[in-house]
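Here's the structure we're looking at; comments come further down.
Coordinate-derived values only; no laboratory data. Quantities reported herein were computed from a predicted structural model and do not represent experimental measurements.
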Amino acid sequence: MWRPKLIGSTDQFGGLQCILVDQKTDAIQASVKEIDYDFVAPKIKAGSIYEITHFHTGRNKPSHKIVPHVAQLFFNARTTFKELPTIQPHIPRHRFYLVDYTQLSTRIDKIDILRDVFGHITAIQPLEQKMVGNERLEDKCEVCIENIRKEDVRISLWGNTAKTFDSQALQQSTSPIFAAFTSLKVKQFQGKIVLNSSVSTLIFINPDIQELAAYKTIFNDSTHAVKMMPSSTAQLMTPQHLEAAKKLSVQELNVLDPETHKDTPILCRAAITRFDTRNGWWYKACPSCFKQLRTAAHRDELLCPKHNNQIPLPWFKVSLVLEDSTDETNAIIIGRPAEQLFKISCNELVVQRGFTDQQQLPDVILQTRGQVKIFQLRFGSMRSDFNRNDLLIQAIFDDTMPLIEPTPQSSDKSLAAHDAENIGAQMVPPITPLLSKQIPSASSTSSADASITEVTPISKKRYRDAVKRALYLSSIKKTKKHFFKSCSNQNRI
């Protein structure tokens, strides 16, 4: 039994899933919707035998199957479970559909059915946070296993599966450890096969299955502890290492070779001084993979190539300029790191507060200008239009250097000039935006908190010019953007 978490969510679940096994060792998947979870979950527990009535059946899903059965069961609040004593013939506790390591190459990127593997755990890479698809941070750890022929394969555990995997307990054990990993996706990375966990992946340590006896015979003399692999160099900096780590200036950042430093975490102390809204500050994303949805050909629908039609999810993608006393550079912040910086979700801004104009920045984003932070960055893909790599912000840390209150006269100076006069000073305070426009939400159930910031009478011309410089408005032709099509009458958001 498992309760899968929705991808990209920390507190939303997708009901309850179960694998049922009968006396003939046939297995079938049973599903419970989230709305029925509280009714069904208390009635059943893994390992017990039940007579089950009042359920319905349906055809098994066409992709990402857990077991190779044509049908699937569905339980709800009216389903009854009568627990039975142990019966004969004995019903096995587990039913895995194990694939031989040599057959994994034939399953690369095939998603009709997820795969189970069994092996001897040889090494573990500890839990860390990784950027996924330039859009979100995700917990990750890696496990190396080998079969009785000493062939090995690497398994990447993600999200809640990684967080709940007790690597410390396994490291302290000197006995050989065997494990079955279920519901894995077969991928290829840098020419090697890598198995990735799914929301349905479960891990069984030393399960009572037929294969275990053969493995114990082969590895009976193996008393070595599980090896701990070093952490990835691209993981997020921990607070313990942040203070001692070298922070590059923006000038040093601009001359780095992206190919040499593509796997190296980069720290830079700087401030956001401008935003570029020509490509918008949010986009309509797939709620499963966070890729941008595209309009389907000859259809008025938004489509994700991997997950078919989707209800759009507003997702941050903000282009900005970082500056310090040495230089300035362009960077992009996407998804979760943007939520960390702006202290609000994109969905709340767009849907609940009604900031649907993709070229008009809300106050909550504008107010981050001038705040000195330590940015952890990495190089992204090459952009053909500029023949340079994107610079992606992975995380933001508060600057711990002492602050000096800026004077009102410094409000229009560049960071370079300000730092030249005030060594170690905080960046100038952000300029209050001329107008933060709120557009009423497309949904009749959403409310917009209308608030317009008043302009002070001091030097209005200088004020307007500063705002234009900050937002590139002098070179941007405003275009009318529409919110999710037919959002109001279809309740899609």
When each pair of different Cα atoms in the range 1-98 is counted once in the 1/r mean, what is the Kirkwood radius in angstroms, to one decimal? 14.5 Å
When averaged across all projection directions, what area in nm² does the alpha-carbon convex hull of the range 85-164 cover? 8.5 nm²
Reduced to Cα centres, the span from the range 303-360 to the range 43-73 in Å works out to 40 Å
Using alpha-carbon coordinates alone, the radius of gyration and Dmax of the range 288-344 in Å work out to 16.0, 52
